Each structure stands twice: as structure tokens, then as C-alpha cells.
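Novice: First, the structure itself, so that you have it in front of you.
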Amino acid sequence: MSKYYLTTAIDYVNGRPHIGHAYEKIMADVISRHYKQRNMDVYFLTGTDEHGIKIQKTAEKSQKLPIEICDMNANEFKKAWKLLDIDYDKLIRTTDAEHTQIVQKIFKKLMDNGDIYKHSYTGLYCSGCESFLNPRDLTEDGLCPDHMVKPEEIQEENYFFKLSKYKDRIVEHIKTHPEFIQPAFRANEVLNQLENIEDISVSRSKESVSWGIDVPGDDSQIIYVWIDALSNYITALGYDPDSPSDLFKKNWPADVQIIGKDIMKFHAIYWSAILMALGLELPKTILAHGWITIDQAKMSKSIGNVIAPKDVIEEFELQYPDAFRYFMMVTAPSGKDGNYSDLDFKERVNADLANNIGNLLNRTLNMLVKYFDGEIKFVPKSSDIANEALKTVESVKDKFDRFELAEAAQDIVNFANVVNKYVNDTAPWALAKDGKLDECSEVLYNVLESMRFIGILLLPYCPNISRDILSQLSFSESGYDSLNWGLIPVGRLTEKEKIKPVFLRVDSEFAGDKKKS
Ligand code: MSP
């Protein structure tokens, strides 16, 4: 079994989880489940980013200790991921004792190597970015382009990291490893940013920020949040500059690090330089996703349009998170921004999950009961539908290998469309009526076997619906090994009482008490 290590960005805990955070974690979970189905030994890390001025200010405002805010909100993130069936292996908190100790060791190692030096500095700090900004990156009005606030001018003596020393190696790495930055169109942005790269401040004086990890040997300073935060990807595995753990040796370098497009610079440049300074390999791929808007507007506390994942689950009284997971994955083409609206959600999941996939299974099982007492009479020879199914498997695999999750889901739906058309064209009800029972049995078999493929392919997006589809087909294997045509055996498959819809239209009269339409 080959190992597969994937990580997500770690979320700031100055607020609660919203569907933008959820989008990324669902994406990671979908990738993780997919590679597990292909027999990979996956390790999936997520976490929360708990130090820095943002959290300190939130705590001050609510007259709480920073750690109280962290505990409270980290718990909200955990609850949200549970609700969404995000099946991670570890959720790291940057306030974990193991993490803070190793971050200090990492900092010390960088100092000992001469990669960190002390320097007096005046700079423009944006607390939204938790980063100093370059004056040339500001808007015409002198605002941070991401947060539209004026950065604060800060004069301090800080520790600096020799980022510029690694510039040429990073440029070289990007140019010689086309898979390193995904989608590839983001590589140019990073190369442009690298042109003007300077050494970065990696500490803050405690007078300005006190909520952070102490610089080793200097208790007047704390370690800059990005060094602290980025290190999570290795501290979580038990990396230690002196004696790295077996888990680390097994899993590093990461196979994919999933982040939002806004934090590409920190990952492709800062993180690469830190890894180079530590003598560690770079991750194989940094995958930047787009942003999720709500009704085409940026989500923001001030606009008041922030939606939590649980809002959607509750609003539509969803029994499982599957429909929400599915929608989030199909709403944005790979690497691009996507939008959430209640209406789009309803239309999309009703069309794809209820009408296209759910009804197809339901209709076919009912015909099997009606015409054959729920029995598979024989396994027919291969057919065009079988070829189409096998082609879909290859195409879904290729798309996953390129992290094109919306596009892979579309392949599954397209296949379901083909099967629906096949049912309509062959009209098994008419075949039964005309006494052409062998032909009818063949059509039903092809459809049910297709449904088994669809159930397995859909699993990463909709694990509960997938389980229900496979259980209706009395089939328990869900790995890619069982994507061979013709595995539903001859014999009794189902009976009337066992047939249940796998996904009800949202807003339908069955979907929930309040939703009678
Ligand atoms: N703490 C840093 C990341 C450190 S990683 C070593 C951070 N936190 S965040 O809470 O602001 O964002 C966490 C992740 O959620 C980021 O990848 C960010 O891009 C993503 N998103 C935040 N809002 C988002 C949307 N509206 N849509 C999609 N993703 C979004 O940055």
C-alpha cells in the first residue's frame, strides 16, 4: 500500500466555522476517501490556528482569556467536521503542547543555522492577513487588498528569516516541478511574487502581541504566527529536528496540501523556504482552491451573510450531510471560485441525487420485484453500458489525479444520464409486457450493475447515500477493486419491503415535517 499524506489549511479560531472553511475540509475528505478506495494508506490532517493578534483581540473584546476563545471555537470546528462526516486522522491545535515545543526547536534550529537574524524594522501590518504588507501591494487608498482595511504602521526590533536566500531555489523548483503548484495557472502568480521577495519578520514584540509561542532564549518576543502555523504540517506527524518520528518518516513529504488561493504565497514561498532551511523535502503538490461566495457576495461578518454548515443541514432538514457535501464539490470548477445559494443547492441536489440517480435505482429495483420477484436470473454478456461504466471509472480516476473534483462528479452524473436514457430507449416495462423476459432481465441487470458503479464512484462525495445504494443492491464492497463489470450475482437481490429511496428531493413532502410542498 502506498502512503498518501494530505493536509488542509488550519482555521483561525477567532470565529466559528462557515461554509468556506467547510468547502476545503470537504474537498480534503473527498480526496482522502477516493484514495482509500484505491487502496492507498491515507493520512489526513486538519487543524486550528490559535495564536496571533486576531485571537488576542477577539478575547479582549469578549473579556475572556485567549485560550478560552480557542477552546470554545476549536470545539465548534470539531463539531462541524463531525456533522459533515469529515473523517480526518488528526486535528492539530497550534496550542497543543507538543506543537509549541517543536515550533521552538524549529525556530532554534533556524537560528543556529544562521537563517534567522535580528533586525530593526518599520512595516505595515495587516491583522486580517497576520502579515506585513509591501506598500506596493496596497490599494490606491493604502488598504490591504484582501481585507480592505488600513494596515497598522509598526516599528519593532524583530527576528528576520533569510527568505531571499532561498528565492532562486524556489523559482527553480516551481519551474522544474509542474505538479508542485496546482492549478498550474497559479504558478505564474507565485513566480511574480517571488521577483520582489524580501526577508520576512518572524517574530513580534510581546508589547504588541502577547498571544503566541515564545522565541527560544528571548522572552520579549513571540514567534510570528505563520512560522508557528505552517509548522503544523510536520509537528502533527511528530517531526523533531533531532529525532523525527516514524510517522513523519513514513508520511513526509505531503502528497497534497490543500489551501485557499489567498494563502498561496505563504505556502509556496514561506513554507518552501522553511522546509529548505530545515533540509526537508517540499510537498509534492500545493493545491489552491477558489473561494465560496454567498449569493455572489463575499461572505463577511459585516454584511451579515455568513452561513455555517449546520445552517444548511438544519434549514433543509437533511438526514445526512451528503447533499451539502455534494453541492459544495460541484459548485466550483477546479481551482475556481464557486457560489452557494439556497435555490442552486435545491435545484442541483434534486436534479442529480434525487431525480437522476435515486429514481433510477428505485424504479429499476421495483421492476425487478414486479417482473422477476426480485431475482437476478442470469448475468448477461458485456454491453455498451458496461463499456461506458468502465470508461467512466478511468475518467473519474484521471480527474481525481488532477484534483478536478467537480468535473469527476459530472462524469458520474453524465453516466447516470446515459443509463437513464438506456432505460427509456429499451423500455423494460414494454419488454415485460411483450413477454420478452430475457431481454427485460438483461436491461435490468445492466442498470443495476451501473448503479453499483455509481454507488462506488459517488462514495467520496456522498458516503451515506453510497452506502445505502450499495446496501439496496446487497453489495458490501466499495473499493475500486470491485469496479469490474458483472459482479452482482445470480439469485434473489431484493424484495418489495427492502426498497427505499436513497435520497428524497429536498422540499418534498417526505423530506421533513416543515418542508411539505
Ligand atoms: N490560519 C490561516 C491558515 C494557516 S495554514 C498553515 C488561515 N485561516 S482562515 O481561517 O482564514 O482560513 C482557513 C482556510 O479557509 C484557508 O485555506 C482559506 O482560504 C479558506 N477559506 C476561508 N474563507 C473561505 C471562503 N469563503 N471560501 C473558500 N475558502 C475559504 O488563513
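Read-outs: derived from the displayed coordinates by stated rules, not from any lab. Computed from a predicted structure; not experimentally measured. Neighbour counts run over all protein chains shown; Cβ positions are idealised from the backbone, glycine included.
Novice: May I ask you to compute the full-extension gain from residue 176 to residue 146, defined as 0.36 nm times their residue separation minus their alpha-carbon distance, rounded to one decimal in nm?
Specialist: 7.8 nm
Novice: Largest first, please: the extent of the C-alpha atoms of region 277-425 along each principal axis, to the nearest Å.
Specialist: 62, 45, 25
Novice: What is the P(r) of region 77-153, as percent of Cα-Cα pairs per 10 Å bin from 0?
Specialist: Calculated P(r), rounded to whole percents: 15, 22, 29, 28, 6.
Novice: With axes computed from alpha carbons, what is the tilt in degrees of helix 437-458 against the longest principal axis of the chain, rounded to the nearest 10 within 0 to 90?
Specialist: So the inclination is approximately 10 degrees.
Novice: State which entries of 370/436; 109/165; 162/261 exceed 19 angstrom in Cα-Cα distance in the structure shown.
Specialist: Distance filter (> 19 Å) returns 162/261.
Novice: Counting other Cβ atoms within 10 Å, keep those with at most 10, restrict to DSSP loop, and tell me which trypsin sites (Lys or Arg not before Pro) in region 427-517 are left.
Specialist: 516
Novice: Sort 493, 353 so the one with the fewest other Cβ atoms within 10 Å of its own Cβ comes first.
Specialist: So the ranking, lowest neighbour count to highest, is 493, 353.
Novice: Which pairs, out of 90/346; 433/500; 61/150; 57/265, put more than 27 Å between their alpha-carbon atoms? Please list the in-between numbers first.
Specialist: On the way: 90/346 33 Å; 433/500 25 Å; 61/150 20 Å; 57/265 25 Å.
Beyond 27 Å: 90/346.
Novice: Here is a follow-up. If you fit an axis through the alpha-carbon atoms of helix 19-37 and take the longest principal axis of the Cα set of the chain, what angle between them do you get, 0 to 90°, nearest 10?
Specialist: 60 degrees
Novice: Right, something else. No partner Cβ under 4.7 angstrom, meaning no disulfide-compatible partner by this rule: which Cys of the chain qualify?
Specialist: 70, 440, 462
Novice: What is the packing order of peptides 442-448, 252-258, taking the mean over residues of other C-beta atoms within 10 Å and listing the highest first?
Specialist: 442-448, 252-258
Novice: Pull up all non-local amide H partners of residue 221: gap of 5 or more, or a different chain, and H-to-H distance under 5 Å with H placed in the peptide plane.
Specialist: It is 206, 215, by chain and number.
Novice: Arrange the following residues from fewest to most other Cβ atoms within 10 Å of their Cβ: 159, 422, 224.
Specialist: Ordered from fewest to most neighbouring Cβ atoms within 10 Å, 159, 422, 224 come out as 422, 159, 224.
Novice: Helix 463-472 sits at what angle to the longest principal axis of the chain, using alpha carbons and giving 0 to 90 degrees rounded to 10?
Specialist: Taking Cα atoms only, the helix is inclined about 20 degrees.
Novice: Another question, then. List the extent of the Cα atoms of region 116-160 along each of their three principal axes, largest first, rounded to whole Å.
Specialist: 32, 16, 14
Novice: At 222 nm, what helix-only mean residue ellipticity would the chain give, in deg cm²/dmol to the nearest 500, using -39500 (n - 2.57) for each DSSP H run of four or more?
Specialist: Calculated from helices alone, the mean residue ellipticity at 222 nm is -13000 deg cm²/dmol.
Novice: If one computes P(r) from the Cα atoms of region 1-121, what percent of pairs lie at distances over 17 Å?
Specialist: Within region 1-121, distances greater than 17 Å cover 64 percent of Cα pairs.
Novice: Between Rg and the Kirkwood Rh of region 399-517, both from Cα atoms, what is the Rg to Rh ratio?
Specialist: 1.00
Novice: Still on this model: Would you mind telling me the antiparallel percentage of the DSSP bridges in the chain, rounded to 5?
Specialist: Percentage antiparallel, nearest 5: 50.
Novice: Related question: Over all directions, how big on average is the projection of the convex hull of the alpha-carbon atoms in the chain, in square nanometres?
Specialist: 26.2 nm²
Novice: With Kirkwood's inverse mean 1/r over C-alpha pairs for Rh, give me the Rg to Rh ratio of region 438-488, two decimals please. Walk me through the numbers before you get to the answer.
Specialist: Working: Rg = 10.9 Å, Rh = 11.0 Å.
Answer for region 438-488: 0.99.
Novice: Rounded if a/c is under 1.5, else prolate if a/b is larger than b/c, else oblate: which is region 207-313, with a ≥ b ≥ c the root eigenvalues of its Cα gyration tensor? The partial results should precede the final answer.
Specialist: Working: a/c = 2.29, a/b = 1.45, b/c = 1.58.
In terms of gyration-tensor shape, oblate.
Novice: Another question, if that's okay. Compute the separation of the alpha-carbon centres of region 401-475 and region 325-361 and state it in Å as a whole number.
Specialist: 18 Å
Novice: Within 12 Å, Cβ to Cβ, of residue 320, how many net charges do the neighbouring residues add up to if Lys/Arg are +1 and Asp/Glu are -1?
Specialist: Around residue 320, the surrounding residues sum to -2.
Novice: If you average 1/r across every pair of different Cα atoms in region 163-267 and take the reciprocal, what Kirkwood value do you get, in Å?
Specialist: One decimal place: 16.0 Å for the Kirkwood radius.
Novice: Taking a quarter of the surface of the convex hull around the Cα atoms of region 62-191, what do you get in nm²?
Specialist: 12.3 nm²
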